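None of the figures in this text is laboratory data; all of them are computed from the coordinates on show. Predicted model, so just to flag it, every value in this text is computed and none were measured. Cβ coordinates were reconstructed from backbone atoms using ideal geometry, including for glycine residues, and neighbour counts include every protein chain displayed.
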Amino acid sequence: MADVLVIGGGAAGCMAAIWAARAGCKVTLWEKKDRLGRKLAITGKGRCNVTNAAPVDELIRNIPGNGRFMHSSFAAFDNLAVMDFFEELGVPLKVERGQRVFPQSDRAADVTEALAAELLRQKVRICYNTSARHLLFRDGALVGAVSTRGERETAAAVILACGGATYQATGSNGDGYKLAAEAGHTVIEPLPALVPLVSNDEWVAECSGLSLRNVELKLYKHGQVGKKQLLDSGFGEMLFTHFGISGPLVLTASRKAAIFWRDNPGAPILALINLKPALSAEQLAQRLERDFAAAPKRHLHNALEELLPKSLIEPFIRLAGLAADRAVNTLLHREKAEIVRLMQALPVNLCGTRSLNEGIVTCGGVSVKEVEPKTFASKKCGGLYIVGELLDVDALTGGYNLQVAFSSGRAAGLAAAEAAKTI
Ligand SMILES: Cc1cc2nc3c(=O)[nH]c(=O)nc-3n(C[C@H](O)[C@H](O)[C@H](O)COP(=O)(O)OP(=O)(O)OC[C@H]3O[C@@H](n4cnc5c(N)ncnc54)[C@H](O)[C@@H]3O)c2cc1C
């Protein structure tokens, strides 16, 4: 019998197991895959953005999915503590643009290897290829878990750290929701967040591979432009793909889009891209006039080369309803006004997100109302703790999701150890 059984050897589960063992408990860790931290190993494009060095209030602001729930555990183990933790384990870190923290080596594997080495040092018993099928109850009380192969592990405390339901090949395939539901928990419908968005507009696919920098993106509900319909807006970088749009700006906006589509299935969202957000419409019109006056006989296609990326010019001219070989000095006032308008509101009709599996993080999960924020103890089932992405907590990109996993994992590990010792 273990004092503490941790189910799931990802970021949160490894952290929980390490701290429960450091607190003097006998810990068993079940990991469904043949190694620990498969998702962790692909984070940050293989570099692992372990946390973010911004002040804690800012971390919370970057966690749109129940960030405030994380206050207590961040107070006990914040981003600086996470950084100290990894440096003490022999992973020197560096802070990059946007306060993102990475291993100096740029190797996510250094993070997973450091966690694995510490688990070994703390004598955590790791069972690989062991997938929890059910929680084990005796006389209504939680006493452990049963694996898909029928192995039983009894423990005084069980920590569920099975992750969300994205990138399922890494092991986090939504098992945790079923296990939490067995203990009486409410699971808020899991949706993909930080996920690309789908468009059936043909010109979008034609532009596949094109990335735009310093643009503004606005999403409008029901395809209607208006203050009340504005779903999200932001500045930054985005990308056209064969299925729609992606890139940092789109990923950030995608959470609100996913929630809108959950509540309004089949309804359209209109994205408007401002390609020249630094200029007013008037300034842009003047710029266009100047360019056109400098070479009045140029074809429209060539004249737009200074203003638009090459692969966007043809679709852009079509959207404007013009011919590419029009000499610019033949353009009517209203045609030039339309060019200006489109440059500041290029429309992309959106019809959905890519699949749950393609989200970087899951929005939704175990309701935080049913979990203690200091200890991550279940309010529904004694002896159960729930941590990491399995909870209805999700953040933007920048290292915040791993901070959630590490802080919640540590808090639950220590609390479970404390509880196990008193039993
Ligand atoms: C491509 C990508 C890049 C990302 N980059 C970053 C980044 O740079 N920075 C950042 O902060 N966040 C990043 N994230 C998000 C971050 O990886 C997750 O939020 C974080 O890993 C969640 O940790 P977790 O321990 O809760 O879940 P996971 O890391 O998913 O771990 C869950 C573990 O539980 C195991 N498991 C599942 N079911 C069972 C079962 N029934 N029995 C036993 N074991 C089970 C799984 O195999 C898995 O190992 C990224 C995500 C993706 C997909």
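What aspartates and glutamates does Lys336 reach when the alpha-carbon gap must be under 19 Å and sequence neighbours fewer than 8 apart in one chain are set aside?
Once the sequence-local aspartates and glutamates are set aside, what remains near Lys336 is Glu282, Glu289, Asp291, Glu305, Glu306, Glu314, Asp325.
So which lysines pass the test for Lys421, namely a Cα distance under 16 Å, with those fewer than 8 places away in the same chain ruled out?
Filter leaves Lys26.
Can you compute the FRET efficiency between Arg318 and Glu237 using 1/(1 + (r/R0)^6), with r the Cβ-Cβ distance and R0 = 30 Å? Round to the nearest 0.05.
After rounding to 0.05, the efficiency reads 0.75.
Please report Rg over Rh for the stretch 196-353, where both radii come from the alpha carbon positions and Rh follows the Kirkwood definition. Can you show the working numbers first?
Numbers: Rg = 16.1 Å, Rh = 16.2 Å.
Using only Cα positions, Rg/Rh for the stretch 196-353 is 0.99.
Over the chain, what is the percentage of antiparallel beta bridges among all DSSP beta bridges, to the nearest 5?
That works out to approximately 75 percent antiparallel.
I need Arg152, Arg318, Arg410, Arg100 ordered by Cβ neighbour count within 10 Å, fewest first.
Fewest to most other Cβ atoms nearby, the residues stand as Arg152, Arg318, Arg100, Arg410.
Treating only the Cα positions of the chain as identical point scatterers, give the base-10 log of I(q)/I(0) from the Debye formula at each q in 0.10 Å⁻¹.
-0.71
Kindly put Thr51, Thr43, Thr330 in sequence by how many other C-beta atoms sit within 10 Å of each C-beta, fewest to most.
Taking fewest neighbouring Cβ atoms as first place, the list is Thr330, Thr43, Thr51.
Based on Cβ point charges of +1 for Lys and Arg and -1 for Asp and Glu, what charge dipole magnitude is obtained for the chain about its Cα centre, in debye rounded to the nearest 20?
Rounded to the nearest 20 debye, it is 220 debye.
Enter the Cα centre distance for the pair the stretch 283-331 and the stretch 1-76, rounded to the nearest angstrom.
Result: 53 Å between the Cα centres.
Work out Dmax and Rg for the stretch 67-113 from the C-alpha atoms and quote the Rg first, both in angstrom.
According to the Cα coordinates of the stretch 67-113, Rg and Dmax are 12.0, 33 Å.
Considering only DSSP beta bridges where both residues belong to the stretch 1-141, give the percentage that are antiparallel (nearest 5).
45
FRET efficiency for Leu230 and Ser208, Cβ-Cβ distance as r, R0 = 30 Å, nearest 0.05?
Step by step, r from the Cβ atoms, then E = 0.65.
At a 10 Å Cβ-Cβ cut-off, how would you order Arg255, Arg38, Arg298, fewest neighbours first?
Ascending number of Cβ neighbours within 10 Å: Arg298, Arg38, Arg255.
Let me test this: with uniform point scatterers at the alpha carbons of the stretch 15-67, what is the Debye-based log₁₀ I(q)/I(0) at q = 0.17, 0.20, 0.27, 0.31 1/Å?
Result of the Debye calculation: -0.87, -0.98, -0.98, -1.05.
So which aspartates and glutamates can Lys123 reach, going by Cα to Cα under 14 Å and dropping same-chain residues fewer than 8 places off?
List returned: Asp3.
With unit charges on the beta carbons (Lys and Arg positive, Asp and Glu negative) and the dipole taken about the Cα centre of the chain, which residue among Gly176, Gln224, Thr252 sits farthest to the positive side?
Gly176
Go through Lys94/Lys227; Lys45/Lys228; Lys218/Lys380; Lys227/Lys276 and tell me which ones have a Cα-Cα distance over 31 Å in this structure. Don't jump to the answer; show the numbers that get you there.
On the way: Lys94/Lys227 41 Å; Lys45/Lys228 37 Å; Lys218/Lys380 41 Å; Lys227/Lys276 20 Å.
Violating the 31 Å Cα-Cα cut-off are Lys94/Lys227; Lys45/Lys228; Lys218/Lys380.
Test of understanding: what is the full-extension gain from Ser105 to Arg287, defined as 0.36 nm times their sequence separation minus their Cα-Cα distance?
So the extension gain works out to 60.9 nm.
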